[in-house]
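Okay, structure first, notes after.
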Amino acid sequence: MQFIILTCAVSWAAAGIAILLGLRGGQRAIYSVQGLIYIVFAAAYMFLPAVCTVILQVIHQEKPFRNLNISFRLNWWFLIAGIVPFIYSFMTLGINLLFPNVTFSVTAEGFLSSLPAEQAELAAQQLSRFPPIIFLLIQIAQALIAGYTINALFGLGEELGWRGYLLKALQNKKLLPASLIIGTVWGLWHFPLILLGHNYPQHPVAGVGMMVIWCILFTPMMIYIVIKSKSVITAAIFHGANNAICGISLLYLSGGNDITNGATGIAGFIALLLVNCAFYIYDKYITKKIFLPE
C-alpha cells in the first residue's frame, strides 16, 4: 500500500505541475515542439515507479535495487518476452479487420487522416520512401532492436515498481488477484497522460477506464513470464517490445476509432484474452504445473 500511495502521489503531482506549466498533447503530436516536450515528459514519467521503489527501500533500510528479481541470467523466457508482443500486435490488426467499417490500408491512409495536415505530410513522406513490405520489415526490425535496448530501459523504470516491488509485496496472492491489483493500479497511474490524449486522443475520459482494463488484461502474462524467467528484466523487455511494435496494429487501418482500434482498443482486448488463454493452456496441459489458478 505504501508503494501504491507514494507512486501515484508523486506521479500525479509531477503530471499536475507539468500540465499547469503548459504541457499539452499526446503521442500523435510527435512532429511538433509541444509533442516533443510531451514525449520527454512521458519518458521521464516511466521512471517514477522505480524512483519510488528506491525511496521506500531506503526508508525501510534495504539496499536499493535488492530483492527486486533483477537477473540477467538468460533463458528462453527472455526470447519469449520479446516475441509475444509482436504476435499480439499482429493478432490485434487481424481482429480489427473483422470490425464493421474497418478496412486494411496499405498506404496507411486512415492513420494519416487522423494527423494534422503538416504532420500527415511528413509521415506520408516517410512511408513513401520504401515499398510497403520493405517499410513493414524495417518497422519490425527497429521495434525488435528497440524492445531489447532503449525501450526495455525505459520499461524497466516502470517494471521495477509494478512487476518488481509491488509483485513481491503480493507474492502470497494467486496470479489472477495479483494481476487485478497490479493492473488496476498501473492503469490508474496512467490517467494524467490519458487525459492529455495518450492512446485515446478521441476519447480521453473514457480512455481512462479503457486503459485500466487493458492493463489488467496485459498483466497476467507479464507476471507469468517474470516468474518463469526468474527476472523482472523480462517484464522490461516485454513492456519495451510492446511499446515499440503496438503502433503496427493501428498503422494499416482505415475506419473505426481509438476505442475499437489498435492494441489498447477493444480489438486489443480480444487479442489479449486469446494470448492469456494460450498461456493458460500451455501451463495446464503442456507443462502440467498448473501455475495459473482454476
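What do you reckon, is HIS203 more than 24 Å from ILE80 (Cα to Cα) and either in contact with a helix residue (DSSP H, G or I) (Cβ under 9 Å, 6 or more places away or on another chain) or touching a residue at least 40 places away in the same chain (Cβ under 8 Å) (or both)?
Working: more than 24 Å from ILE80 (Cα to Cα): yes; either in contact with a helix residue (DSSP H, G or I) (Cβ under 9 Å, 6 or more places away or on another chain) or touching a residue at least 40 places away in the same chain (Cβ under 8 Å) (or both): yes.
Considered against the rule, which asks whether it is more than 24 Å from ILE80 (Cα to Cα) and either in contact with a helix residue (DSSP H, G or I) (Cβ under 9 Å, 6 or more places away or on another chain) or touching a residue at least 40 places away in the same chain (Cβ under 8 Å) (or both), HIS203 comes out as yes.
Listed here are the residues, each with its yes/no results for (1) in contact (Cβ under 8 Å) with a residue 60 or more places away in the chain; (2) over 9 Å from GLY240 (Cβ atoms); (3) in contact with a helix residue (DSSP H, G or I) (Cβ under 6 Å, 6 or more places away or on another chain).
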site	(1), (2), (3)
ARG129	no, yes, no
PRO132	no, yes, no
ILE140	yes, yes, no
GLY147	yes, no, yes
ASN151	yes, no, yes
LEU156	yes, no, yes
LEU160	yes, yes, yes
ARG163	yes, yes, yes
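Please indicate, with yes or no, whether at least one residue in region 277-284 is under 20 Å from ASN96 (Cα atoms) and at pLDDT below 95.
yes
Could you please find all residues in region 273-288 being over 29 Å from ALA108 (Cα atoms), surrounded by fewer than 17 Cβ atoms within 10 Å (Cβ to Cβ) and touching a Leu at 6+ places or on another chain (Cβ under 9 Å)?
Hit for region 273-288 is LYS284, nothing else.
Is there a residue being touching an Asp or Glu at 6+ places or on another chain (Cβ under 6 Å) and not in a loop (DSSP other than H, G, I, E, B) anywhere in region 213-236? Quick ask: steps written out before the conclusion?
Here is the first cut: in region 213-236, the residues touching an Asp or Glu at 6+ places or on another chain (Cβ under 6 Å) are 232, 235-236.
In the following step, the residues that additionally are not in a loop (DSSP other than H, G, I, E, B) were identified as 235-236.
Yes, region 213-236 has at least one match.
Residues of region 257-278 being in a loop (DSSP other than H, G, I, E, B), over 11 Å from SER89 (Cβ atoms) and aliphatic (A, V, I, L, M), which ones?
ILE259
Anything in region 127-150 that is modelled with pLDDT of 95 or more and of a type in the set (S, T, N, Q)? List them, or say none.
Hit for region 127-150 is THR149, nothing else.
Suppose we filter ILE259, ILE270, ILE245 for residues that are among the β-branched types (Val, Ile, Thr), closer than 29 Å to PHE72 by Cβ and either surrounded by fewer than 21 Cβ atoms within 10 Å (Cβ to Cβ) or modelled with pLDDT under 95 (or both); which single one remains?
Going through ILE259, ILE270, ILE245 in turn, the sole match is ILE245.
The values are calculated or read from the model by the stated rules, or taken from the named source; none is laboratory data. Note that this is a predicted model, so its numbers are computed, not measured. All Cβ positions, even for glycine, are placed from backbone atoms using ideal geometry, and neighbour counts span all protein chains on display.
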